[in-house]
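A short worksheet on the structure shown next.
The values are calculated or read from the model by the stated rules, or taken from the named source; none is laboratory data. Fair warning: this is a prediction, and the values are worked out from it, not measured in the lab. FYI the Cβ positions are ideal-geometry reconstructions off the backbone, even for glycines, and counts take in every protein chain you see.
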């Protein structure tokens, strides 16, 4: 199985989608999540080389591959890391640091002449965070679950977490 070819296929799907008149963001989530799994490989892929989803996890029940995958994400909150390391009964959320709807809007505002340029863009803005369910509720209360802060500079992909007071773990 050629994993590089599969990764390029998902990049192509993203490019075709953002160039089409149907600009719904649901497909972007599927395509981008799968592109990233094949980009990262390792614990992001199952033994069958299909992409691994990190939804509905509890720190007390993590297997080694799930743990390794979570620890390779771009942002891990201090609370999530403590729960993972101490195997606490704490729900974890794999969160898109820049919500998919925002990523989608950023994508359709650009023209990508190549898949390489699209991938470079995604590597900048497609970032994943690991936070606790409680921290996720804080984002929701602040109306930041699906939005970036109103004063977002367009650069700091972790601005939502900072606005919510979610501290980044040092790993």
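Details
- When residue 84 is tested against (1) over 29 Å from residue 134 (Cα atoms); (2) crowded, with 19+ Cβ neighbours inside 10 Å; (3) at pLDDT 95 or above, only condition (1) is not met.
- Counting the residues of the range 18-64 that are more than 25 Å from residue 161 (Cβ to Cβ) and assigned to a helix (DSSP H, G or I) gives 5.
- Condition met for residue 144 (out of contact with any strand residue (DSSP E or B) (no Cβ under 8 Å at 6 or more places or on another chain) and either within 24 Å of residue 170 (Cα to Cα) or at pLDDT below 95 (or both)): yes
- Residue among 144, 92, 117, 107 that alone is touching a residue at least 40 places away in the same chain (Cβ under 8 Å) and either more than 16 Å from residue 55 (Cα to Cα) or part of a helix (DSSP H, G or I) (or both): 107
- The residue of the range 1-34 that is surrounded by the fewest Cβ atoms within 10 Å (Cβ to Cβ), among those that are touching a strand residue (DSSP E or B) at 6+ places or on another chain (Cβ under 9 Å) and under 17 Å from residue 126 (Cα atoms), is 29.
- Looking across the range 147-171 at every residue that is within 17 Å of the chain's Cα centre (by Cα) and in a helix (DSSP H, G or I), the one that is surrounded by the most Cβ atoms within 10 Å (Cβ to Cβ) is identified as 160.
- Of all residues in the range 147-171, exactly one satisfies the criterion of being touching a strand residue (DSSP E or B) at 6+ places or on another chain (Cβ under 7 Å) and under 20 Å from residue 107 (Cβ atoms), namely 158.
- Filtering the range 46-62 to residues that are surrounded by fewer than 20 Cβ atoms within 10 Å (Cβ to Cβ) and either at pLDDT 95 or above or on the phi > 0 side of the Ramachandran plot (or both) leaves 49, 56, 58, 60, 61, 62.
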